[in-house]
Each structure stands twice: as structure tokens, then as C-alpha cells.
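Okay, so here's the structure we're looking at.
No value in this document is a laboratory result; all are computed from the given coordinates. Note that the structure is a prediction, hence the values are computed from the model and not measured. With ideal geometry, Cβ positions are generated from the backbone for all residues, glycine too; neighbour counts draw on all protein chains shown.
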Amino acid sequence: MMRWPMRYGRGSGYPIPDNTRKVTEIAEILLLQDGQYQLNPIYRFQQTGQDERGKIQGEFVSRPLSPRMAQRMASQGFQIPPEIIPDSA
């Protein structure tokens, strides 16, 4: 089973000004060689505007995966969008 942390935002200026709850980021957790952890964002919410009621509109923008995560997802049958597959060079 794969687990990805999700970061939520709520109004009052951080980061959603319309005071709604939204998932703002989905990230993988990378274990570094020194035993520390690092979050690698996979998707981030990008605001594109507001509707007539002031509700924030937006979309998730993909970020490149780590090579390990791309391989792991592919081995479990996930179809990975080409724009987030890391270069093999």
C-alpha cells in the first residue's frame, strides 16, 4: 500500500482566502541517507481565479516524481502521466 501525505489549507489568508478547506498539496516522503525525511511534492493546488461568489477555483499541477516513486507506482499498475515521469538520463 502506498501512502502519501496531503496538506490541507483553510482560509484566513493561509493559503485559501475564501475560508474553505482544500487539499493544497500531495507529496511523497523520501528517506534520505542520513536517516532524515524529506517531502517531495507530487501535486500542488494552483489557484486560477474565483467564481462569482468569491469561491477559489483552481487545479492540481503535477511535479516530477522521484525515480524510485515512479518505478514503484508503475510496478503497482498506476498509469503515470508523462509530464511527471523523471528523465532517465
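In plain terms, the residue of Asp51, Asp18 with the fewest other Cβ atoms within 10 Å comes first and the most crowded comes last, giving Asp51, Asp18.
In order along segment 64-77, the Karplus-derived 3J(HN,Hα) couplings, from 6.51 cos²θ - 1.76 cosθ + 1.60 at θ = phi - 60°, round to x, 7, 6, x, 5, 5, 4, 5, 5, 5, 4, 5, 9, x Hz, and Gly and Pro are given as x.
Can you give the Kirkwood hydrodynamic radius for segment 6-81, in Å, rounded to one decimal and based on Cα pairs?
Hydrodynamic radius (Kirkwood, Cα only) of segment 6-81 equals 14.2 Å.
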